[in-house]
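Each reported figure results from applying straightforward, stated rules to the coordinates on display, with no laboratory input. Since we're looking at a predicted model, the values are computed, not measured. Don't worry about glycine lacking a Cβ; one is built from the backbone with ideal geometry, like all the others, and counts go over all protein chains shown.
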Amino acid sequence: MPSQTKENYLKAIYHLSEKNKQVSISDIAKVMGVSKPTINNMVKKMQEQSWLHYQKYKPIELTAKGKKMAALIIRKHRLTEMFLTQVMHFGWEEVHDIAEEIEHLKSDVFFDRMDEILGFPKIDPHGSPIPDKQGNLVKINAINLSKTSIGDKVMLSGLTESTKELLLYLNKKNMQLGSVFTVQDIENFDKSYEVILENSNERIVLSSAVCKSLLVNVIS
């Protein structure tokens, strides 16, 4: 079994590969906050255990074994976040750091029971898919809010990132997963969106940066 440090590396490489497709030593160093020589040493150790493929000056790729291990760590993290929000009533902005600690527990039965109590959820509190017990990840069928048009009625179904700052911002705007709103106007100058929340008829202006962080399903 990988150490907690190696699990964090596996997860970081997995997330980077999902976003960028090609992962470099520099990418990992930036995310992990350590030097390139440190990353080089760790990558070599992980390659020796058949978790990834690495050749100098070429992208780093997780093996099938490495992908599955990373996905199962992410599964534990996202199940924990769901448990914390649904059962223990933490806010969605409070759960990440706690889940970072719990995801390293080596008890499958613990997380299986958590999954059962929750009713086998498919997504976490931020709309990200929860991998199954085989490490399979289902892609969420949603689009970026910035790709929608004036008049579109949409439902917030996920986030491209779930930073605490963004989540607290959305709390202030009374926006959460499942919120339904209509795109009222798009400002040509800065691409900010004016939307109307269905449950309150409140008008909200969302910056271009926020719009790029929100994933939605178009209802009509």
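Points to keep in mind about this one:
- By the count of neighbouring beta-carbon atoms within 10 Å, fewest first, Glu202, Glu81, Glu48, Glu61 end up ordered Glu48, Glu202, Glu61, Glu81.
- The chain: mean projected area of Cα convex hull, nm²: 13.5
- Computed on the Cα trace of the stretch 67-135, the radius of gyration divided by the Kirkwood hydrodynamic radius gives Rg/Rh = 0.92.
- Candidates Phe189, Phe120, Phe90: whichever shows maximal mean-square fluctuation once the chain is modelled as a Gaussian network with Cα springs under 10 Å: Phe189
- Extension gain from Asn20 to Lys58, taking 0.36 nm per residue of separation minus the Cα-Cα distance: 12.3 nm
- Sorting Tyr54, Tyr9 by the number of Cβ atoms found within 10 Å of their own Cβ, with the fewest placed first, yields Tyr54, Tyr9.
- For the chain: relative contact order, % (alpha-carbon pairs under 8 angstrom, 6 or more apart): 15
- Charge tally in the Cβ shell below 10 Å around Asp132, where Lys, Arg are +1 and Asp, Glu are -1, Asp132 excluded: +2
- Dmax and Rg, reported as Rg then Dmax, of the stretch 143-218 (C-alpha, Å): 11.0, 30
- Taking each of Lys36/Lys58; Lys76/Lys147; Lys122/Lys212; Lys68/Lys133 in turn, the alpha-carbon distance tops 21 angstrom for Lys76/Lys147; Lys122/Lys212.
- Exposure proxy ranking, count of Cβ atoms within 10 Å, fewest first, for Asp124, Asp108, Asp97, Asp115: Asp97, Asp108, Asp115, Asp124
- Distance cut-off 19 Å, percentage of C-alpha pairs in the stretch 1-78 lying past it: 25
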